[in-house]
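I have placed the structure first, in the form of structure tokens, so that the comments after it can refer back to it.
Derivation of every value follows stated rules applied to the coordinates shown; laboratory data play no part. Source: prediction; values computed, not measured. Cβ coordinates were reconstructed from backbone atoms using ideal geometry, including for glycine residues, and neighbour counts include every protein chain displayed.
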Amino acid sequence: MKFLADQMLGKLTRWLRMAGHDVVYAGELRAPSPEEDLHLLGKAKEEGRILLTRDVELHRKALRKGIRSLLIRGITISSQLREVSVECRERIEINPERSRCPLCNGRLERKEVAEVRDLLPPKVARSSGPFWRCSTCGKVYWRGRHWEGILRTLSESGG
């Protein structure tokens, strides 16, 4: 799915990208301005994106303009992921083969250790992977110690 997340939802943006969703983050677009709401609404409508926001007034403006919008009320990332999952009727799962880069939204490509060895910490470079590299920013990802925490958060969200 395609989303546009407001500046209050940076962490949710990263998680949805890891789950393979195309998410534009308002914080990456440009500095806030009085016209920012109009810009966000125009972009969401033009690109067919679901607006994710914690701003009640922005949510109402989107609905008045016929733009699909989800008012995020949860505080924890687990509860926010659950809200998106329920509203969009889609289970949130993280599969690195379908993930996007949490930093830039680029597509991840599977790589062999030899292709990314020079970009890895020495201990990780001695493992056999698997590894994924962002086609846009070049960042390399692997299933490290943090993977269990990711799975735990997804479990808490119902994913």
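For a quick check: sort E46, E156 by the number of other beta carbons within 10 angstrom, fewest at the front.
Ranked by crowding around the Cβ, least crowded first: E46, E156.
Compute the separation of the alpha-carbon centres of region 23-72 and region 100-124 and state it in Å as a whole number. Region 23-72 and region 100-124 have Cα centres spaced 32 Å from each other. With both labels modelled 7 Å from their Cα along Cα-to-Cβ, the R145 to E112 distance reads 3.0 nm.
Report relative contact order for the chain in percent, whole number only (criteria: Cα-Cα under 8 Å, sequence separation at least 6).
Relative contact order for the chain comes out at 22 percent.
For region 1-82, trypsin sites (Lys or Arg not before Pro) are listed when DSSP marks them as loop and at most 11 other Cβ atoms sit within 10 Å of their Cβ; the list is R30, R73. For region 113-127, backbone phi angles converted through the Karplus equation (6.51, -1.76, 1.60; θ = phi - 60°) give residue-by-residue couplings of 4, 4, 6, 10, 3, 5, 9, 10, x, x, 5, 5, 5, 7, 8 Hz, Gly and Pro being listed as x. Taken one residue at a time, the phi angles of region 133-142 give Karplus couplings (6.51, -1.76, 1.60, θ = phi - 60°) of 10, 5, 6, 9, 9, x, 5, 9, 10, 7 Hz. Gly and Pro are set to x. Applying the criteria of a DSSP loop state and at most 15 other Cβ atoms within 10 Å to the GluC sites (Glu not before Pro) of region 76-153 yields E90, E93, E97, E112.
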